[in-house]
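S.K.: Questions regarding the structure given below will be posed in turn.
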Amino acid sequence: MKIKQKDKEQKQEKRKVLDEEAKLKIKQKDKEQKQEKRKVLDEEAKLKIKQKDKEQKQEKRKVLDEEAKIRLKQKNKEQKQEKRKVLDEEAKIRLKQKDKEQKQEKRKALDEEAKIRLKQKDKEQKQEKRKVLDEEAKIRLKQKNKEQKQEKRKVLDEEAKTKIKQKDKEQKEEKRKTLDEEAKSNTRKKTRNQMKEQRAARTSEADNAIQTFLQMIKQGPAYICSVCHRLMYRECVVLYNENVFTTYV
Ligand SMILES: [Zn+2]
């Protein structure tokens, strides 16, 4: 039993030693692996840094190229602007010259047009005057017509008045006519009597005249003209007086 125990213990001891060795070996291996890894990582890092440097340089170059390009473009642009300015100046001078010539042309044309317009204006003013005169003549005619119409109206009014007067007169006459029969007969009787009286007066007057005439012609035409031998009544004869005639001659 003791041997077995001893063996066991020895084996356990060996195992421990082995374990220790194994542990050491593993540790060593780990260390080496770590160092390897570190080396590899360093290499990679170096490579990466180099790569980065390269890229940065390329970037810088690109940036510089871009800047150079931009500068070139700017320069080109400025040169073009300069050229344009020069061209613009020349163009401006040419334009000014052209403008001047066109203005002179226009002035000539305007002078001609102004003359024509003046003539046209004169013509139009004359026509206007004629129109105004015509208008005035028309107005005068209208006034005259109006006055004539008023005159006619007055005449018509007058005629209407006289017509009314005539009508009044006729109506009065009608009234007079329509007086009752008695009044008429009365007036008739009256007038008849008046007529009788008048007639009587007239007859007496006539009788008187006849008596006078008869008295005058009683002696007959017994007087003879010494020139033509005509017979005459005493009333027609004038006694010849020689003295009267000698004074006339
Ligand atoms: Zn006689």
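Each value in this text was obtained by applying a stated rule to the coordinates, not by laboratory testing. The model shown is predicted, which means the values in this text are computed figures rather than measured ones.
S.K.: Return the aspartates and glutamates within reach of residue 126: Cα separation strictly under 16 angstrom, same-chain partners fewer than 8 residues apart disregarded; answer none if there are no such residues.
M.R.: Answer for residue 126, where 16 Å is the Cα cut-off: 134, 135, 136, listed by chain and number.
S.K.: Same structure, new question: Which of the lysines could be linked to residue 123 by a straight reach, that is with a Cα gap under 18 Å, when you skip same-chain ones fewer than 8 residues away?
M.R.: Within the straight-line cut-off, residue 123 pairs with 115, 131.
S.K.: In terms of Cα to Cα distance under 29 Å, which lysines are near enough to residue 50, apart from those fewer than 8 places away along the same chain?
M.R.: Within the straight-line limit of under 29 Å, residue 50 reaches these lysines: 31, 34, 37, 39, 60, 62, 69.
S.K.: If you line up the long axis of helix 181-216 against the longest principal axis of the chain, both from Cα atoms, how many degrees apart are they, to the nearest 10?
M.R.: Helix 181-216 and the main axis of the chain meet at about 40 degrees.
S.K.: By how many degrees, 0 to 90 and rounded to 10, does the Cα axis of helix 2-177 deviate from the longest principal axis of the chain?
M.R.: Value to nearest ten degrees: 0.
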